[in-house]
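For reference, the structure discussed in these notes is given below.
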Amino acid sequence: MGKLTYEEKIDIYNEKKGGKSLSYICHKYHIHSAGIKYLIRLIDKHGFKILKTTNNRKFNKNEKERIINRVLLNNESLISVAIDEGLLSKGMLSMWIKNYKELGYNIVERKRGRSPTIMKKAKQTNKIETDKEKILRLEKENLYLKAELEYSKKLRAVVQARKNQQLKKK
């Protein structure tokens, strides 16, 4: 139903209540019949004010868990719970349930927007090395590379020795 404007949704409701057939409305607005039925039930329950939302409704963890538990624990139908709670689509509730099960029956609120600048790591300032510090760092690096080279030579020698022993056995 996201592709329909507020006026189109009202027109669909009025045409359906005026006696137009479901197939006529589906063809006219290019929307599936299940979406129209859901829209009609939603408006019947909450009125036109439910459609006039400028911002998306936000649900906190407790509200989401309560709504999900109505479906999972109380065995209420997905559509009836979505309509009672005023969700604009039943797909929203089914995604909540899917995520709830995937996350081990935990609700994790999705973070929106940019992360605050306080949380970002401060950029490291380029500190200027003195000559002594630079020499010390290069000596450590040189020592590490020599040890790495010696290790790889010894490893190569051991592998070659094993190959030679296997060739002698044959």
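The values are calculated or read from the model by the stated rules, or taken from the named source; none is laboratory data. Predicted, not measured: the structure shown is a model, and the values here were computed from it. Methodologically, a virtual Cβ is constructed for each residue, glycine included, from the backbone with ideal geometry; neighbour enumeration extends over all protein chains shown. The accessibility values were calculated without ligands, DNA or RNA, using every heavy atom of the protein model including side chains. Shrake-Rupley method; radii C 1.70, N 1.55, O 1.52, S 1.80 Å.
Of note:
- Carbon plus sulfur fraction of accessible area for the chain, probe 1.4 Å, in percent: 54
- Averaged per residue, the chain has 83 square angstrom of accessible surface, using a 1.4 angstrom probe with ligands and nucleic acids left out.
- Sorting 16-28, 148-160 by their mean Cβ neighbour count within 10 Å, with the most densely packed peptide first, gives 16-28, 148-160.
- Per residue of the chain, the DSSP helices (runs of n ≥ 4 H) give a summed -39500 (n - 2.57) that works out to -20500 deg cm²/dmol at 222 nm.
- Once the Cα atoms are used to define both axes, helix 90-102 deviates from the longest principal axis of the chain by about 30 degrees.
- Against the main long axis of the alpha-carbon atoms of the chain, helix 131-169 sits at an angle near 80°.
- Across the chain, C-alpha contacts under 8 Å between residues 6 or more apart give a mean separation that, scaled by the residue count, equals a relative contact order of 14 percent.
- The chain: Cα Rg divided by the 2.2 N^0.38 Å rule of thumb: 2.13
- Mean Cβ neighbour count within 10 Å, used as a protection proxy, ranking 75-88, 132-145 highest first: 75-88, 132-145
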